[in-house]
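**Q** This is the structure, below, for whatever I ask next.
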Amino acid sequence: MFHDRAKIWVEGGRGGNGVVSFRREAHVPRGGPDGGDGGRGGDVVVVADPSRRDLAAQRHSPHYRGGRGRHGEGAQRHGARGDDEVVAVPPGTTIEGLGGERFDLIEPGQRVVVARGGTGGSGNKRFATSTRQAPRFAESGLEGQSGWIELRLRLLADAGLVGLPNAGKSSLLARLTRAAPKVADYPFTTLEPVLGTLESDDRQLVLADVPGLIEGAAEGAGLGDEFLAHVERCRALVHVVEVAPPEGSPDPAEAYDTVRGELAAYGAALDRLPELVVLSKSDLLPDDQAGEAAAGFRERLGDHVLGVLAVSSVTGAGLDLLRTAILDAVPEEPIPTAPADEPEFEAEHITYRPAAEQGYAIEREGEAFRVAGRGVEMLIARHDLSNHEALAYLEQRLTEMGVVAALRSAGFEPGDEVRIGDEAFELDPG
Ligand SMILES: Nc1nc2c(ncn2[C@@H]2O[C@H](COP(=O)(O)OP(=O)(O)OP(=O)(O)O)[C@@H](O)[C@H]2O)c(=O)[nH]1
Ligand SMILES: [Mg+2]
C-alpha cells in the first residue's frame, strides 16, 4: 500500500537543568559558585531522503522525540546538547508545521526543523552578583516545542499519464521506461501511482502512471481523484485514449471529454497543463484508420493540445515519436541558481519571536492576579518556587520586567496571590 499522507507527533527534547555547585579546593574553605548550564534539547528534523518511496514508515510509527539535553555539572561543566531526531521522507513531501507554516522538501538532503528542543537552564554560576555571591539556585531546562504535524507527499514527476481505466497507460509506462507496472485487461489495475524514468541521450524525465479516472471521480466515483495530487507538480500531461474501445464503451471523443471534465473538476490548474493526446492500441485498427482517428482529433482539438499521436504498446508503432514528443513537451530544467543565492532553507523559519515573549497581560481571577505571557511563563517554568533564593530572584526579575508595577496599577497589593502558568504564589516584592 502506498501512503501519501501521515500525521506525526513531534517533540523537541527537554533542555538539561543548570546545576547548583560550589568550588572545592584544598585550603579554600568556601569556594565560589561553579554550577554549569544544562544542554539544549535535540530538535526533530525532517529530511528529504531519495531512498524513501512513501510515508508508510511515518504512519507505522508516528512519534518522534529529540534527545534530552544533559544536565550541567560542577566545575562549570555544561551539559551536552540532546541528539536530533531525524524523520526521513521522500522528496516531494510537504509539511504543515506547528505554527501552520508550510515547507516543501524537494531536493534530496533538504531539511527543516519542525520542533525545536528546549533551552537548557543556567547553572548557579550565572546568578552570582556582587550582592548575591553564593546563589543556591539554578534554572531547570525548558520543554521543547511539540505537537502534531501533517506530512503530505506529492510525487515529483515531469509528465503524468492520465486517462480512463484500461486505456493502456501502464502498458505505455512499461514500454517507455524500465518500470514494470501491473498490466491487465480489467479496469483499475493500477491502484497507486508508479514512476518510471524516460531516458534520452542527454536528459532524464520522470513519468507518473496513476489510476484511471471515470466520470464522477471528483465526487468519489471509482478510485476518486485524490491520486491526481501526484501529477500536480508535473509540467505536462500525456492523455491516453483507446482508439478502438470495445463495444458498449464510450467512443474516443467521449472518453477524452470525460477525463478533461474530471481534470478540470479536480482543480490545481491540471486542465491548464500542456497536453499530449495519445490514441492507444492502434494495432487493433488497420493503419489508415488509426491515422484518420488521430487526424480527426487533431482537427477537433487544434491548438489546445501539443499534438495527437496513434501508438501501440504491442507492436511499438509510434513509440519513438511519442518519446520525442514527451521530451519536447517538458521544458528543459531551468538552470539552477547557485546555492549561495538560495534562501537559507534550514528552517530557522521557526524562530521564537522575542517581541512576543516580552508581552504579558494581567487578569483578575477572584482575589488572585494572573499574569499571562510566554516570557513570564518560561521564567516561572525554569525555577523552583519552594527555593527562597529562587523566589527572591524571580521577584527581582518581575520587578525589572515591569510586571510588579503593572500588577500594582491593576490593584495588586504585596502579599496577594499571583498565578503564572501552572504556579500560584504569594508575591511580596521587597
Ligand atoms: N492490443 C493492444 N492491447 C493493449 C495495448 N496497450 C494495452 N493493452 C491492453 O489493455 C489492457 C489494459 O492495459 P493497462 O496498461 O493495464 O491499462 P491502464 O490504462 O493502465 O489501466 P488501469 O490501470 O486499470 O487504469 C491490458 O489487457 C493490456 O494488455 C496495445 O497497444 N494494444
Ligand atoms: Mg494501469
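**Q** What FRET efficiency do you get for Asp257 and Ala372 if R0 is 35 Å and r is their Cβ-Cβ distance, rounded to the nearest 0.05?
**A** Plugging the Cβ-Cβ distance into 1/(1 + (r/R0)^6) gives 0.05.
**Q** With a 1.4 Å probe and all protein chains left in place, how much accessible area per residue does region 16-79 have, in Å²?
**A** It amounts to 57 Å² per residue over region 16-79.
**Q** Sorted by packing (mean other beta-carbon atoms within 10 Å per residue), highest first, where do 79-89, 401-411 land?
**A** The peptides rank, most packed first, as 79-89, 401-411.
**Q** Can you tell me the orientation of helix 252-266 relative to the chain, as the angle in degrees between its alpha-carbon axis and the longest Cα principal axis, to the nearest 10?
**A** Value to nearest ten degrees: 10.
**Q** Then there's this: What is the sum of charges around Glu219, taking Lys and Arg as +1, Asp and Glu as -1, for the other residues whose C-beta is under 11 Å from the C-beta of Glu219?
**A** Working: positive: none; negative: Glu215, Asp225, Glu262.
Value of the local net charge: -3.
**Q** May I ask you to order 207-215, 420-428 by the average number of other C-beta atoms within 10 Å around their residues, highest value first?
**A** 207-215, 420-428
**Q** Do me a favour and compute the ellipsoid semi-axes for the chain from its Cα gyration tensor, root of five times each eigenvalue, largest one first, whole Å. Don't skip to the answer; put the middle values down first.
**A** Working: eigenvalues 867, 104, 53 Å².
Rounded to whole Å, the semi-axes are 66, 23, 16.
**Q** Just to be sure I understand the model, the point goes 7 Å from the Cα along the line to the Cβ. What's the resulting His388 to Asp416 distance in nm?
**A** 2.6 nm
**Q** For region 120-202, calculate the relative contact order in percent as a whole number, restricting contacts to Cα pairs under 8 Å that are 6 or more residues apart.
**A** Across region 120-202, relative contact order equals 18 percent.
**Q** I would also like to ask the following. Taking the Cα centre as origin and putting +1 on Lys and Arg beta-carbons and -1 on Asp and Glu beta-carbons, what dipole magnitude results for the chain, to the nearest 20 debye? Write down the numbers at each step before the final one.
**A** On the way: 45 positive and 70 negative charges, 435 e Å.
Charge dipole of the chain: 2100 debye, to the nearest 20.
**Q** Once both labels are modelled 7 Å past Cα along the beta-carbon direction, what's the Ala424-His304 spacing in nm?
**A** 7.0 nm
**Q** Hey, what angle do you get for helix 319-329 against the long axis of the chain, alpha-carbon based, 0 to 90 degrees rounded to 10?
**A** Result, in degrees: 40.
**Q** Extending each Cα 7 Å along its Cβ direction at Glu96 and Arg30, get the distance between those two points in nm, one decimal.
**A** Placing both labels 7 Å along Cα→Cβ, they lie 5.9 nm apart.
**Q** Let me ask something else about it. Hey, any idea what % of the chain's accessible area is carbon plus sulfur with a 1.4 Å probe?
**A** That fraction is 48 percent.
**Q** Using only the Cα atoms of region 185-270, what semi-axes does the equivalent ellipsoid have when each is the square root of 5 times a gyration tensor eigenvalue? Give whole Å, largest first.
**A** In descending order, the three semi-axes are 23, 17, 13 Å.
**Q** Beta carbons within 10 angstrom, averaged per residue: use that to sort the peptides 152-163, 91-102, highest first.
**A** 152-163, 91-102
**Q** For region 208-254, what does the alpha-carbon gyration tensor say about shape, rounded, prolate or oblate, given a ≥ b ≥ c as the root eigenvalues, a/c under 1.5 as rounded, and a/b over b/c as prolate?
**A** Numbers: a/c = 2.80, a/b = 1.42, b/c = 1.97.
Oblate is the answer for region 208-254, as a/c is 1.5 or above yet b/c matches or exceeds a/b.
**Q** Once the Cα atoms of helix 388-400 and of the chain are each reduced to a long axis, what angle between those two axes, in degrees from 0 to 90 to the nearest 10, is obtained?
**A** 70 degrees
The values are calculated or read from the model by the stated rules, or taken from the named source; none is laboratory data. Computed from a prediction, not measured in an experiment: that's the story for all the values here. Cβ coordinates were reconstructed from backbone atoms using ideal geometry, including for glycine residues, and neighbour counts include every protein chain displayed. Ligands, DNA and RNA are stripped out before the accessible areas are found, and what is left, the full protein with its side chains, is counted by its heavy atoms. Shrake-Rupley method; radii C 1.70, N 1.55, O 1.52, S 1.80 Å.
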